[in-house]
1. GNM on the chain, C-alpha springs below 10 Å: top fluctuator among ALA61, ALA29, ALA71?
2. Please work out whether region 1-44 counts as rounded, prolate or oblate from its C-alpha gyration tensor, where a ≥ b ≥ c are the square roots of the eigenvalues and a/c under 1.5 means rounded, while otherwise a/b larger than b/c means prolate and anything else oblate?
3. Which residue, GLU30, GLU68, GLU41, has the most motion in a Gaussian network model of the chain that connects Cα atoms within less than 10 Å?
4. Assign one of three labels to the chain, namely rounded, prolate or oblate, based on the Cα gyration tensor with a ≥ b ≥ c the square roots of its eigenvalues; rounded applies when a/c is under 1.5, prolate when it is not and a/b is larger than b/c, and oblate otherwise.
5. Taking neighbour counts of Cβ atoms within 10 Å as a proxy for exposure, in what order, fewest first, do ILE11, ILE21 appear?
6. In nanometres, what is the gap between the two model label sites at GLU48 and ALA71, each 7 Å from Cα along Cα-to-Cβ?
7. Which trypsin sites (Lys or Arg not before Pro) in the chain pass both tests, a DSSP loop state and at most 10 other beta-carbon atoms within 10 Å?
8. What residue among THR67, THR45, THR34 has the largest mean-square fluctuation in a Gaussian network model of the chain, using Cα springs under 10 Å?
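Read-outs: derived from the displayed coordinates by stated rules, not from any lab. Because the structure is predicted, anything quoted here is derived from the model rather than measured. Note that each Cβ is placed from the backbone with ideal geometry, even for glycine, and that neighbours are counted across all protein chains shown.
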Amino acid sequence: IAFRSDSVSSIYAAASCGLGIALLPRSVAERDSTLVRIRTETSPTPREVWQTIHADMRNNARVRAVTEFLAGVVAARVPNGTAS
């Protein structure tokens with residue numbers, strides 16, 4: 001039996017209920033001490049995170065501040081801090 005979902009919260013809920021192995025973001029899995037990390041020989045394919053900004057708002061100081069904040073949060077959670 002396989003469970004597929006594009007919802008991280010649904011996948012997390014299934015894993016935390018003991019329904020099997022799940023691929024979760026580290027930031028989610030590390031908050032739950034009942035989950036056990038399984039190391040594999042290969043790493044999952046990296047994912048990209050995108051932010052869309054309306055052309056009229058690109059130079060807005062508040063939008064830039066949020067963009068820089070989000071880039072910092074992502075960089076802090078990515079192995080080797082490689083976020084741009």
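1. ALA61
2. Rounded.
3. Its mean-square fluctuation being the largest, the pick is GLU41.
4. Verdict is prolate for the chain.
5. ILE21, ILE11
6. 1.6
7. Answer by residue number: ARG4, ARG31, ARG37, ARG39, ARG47, ARG58.
8. Judging by the Gaussian network model, the answer is THR45.
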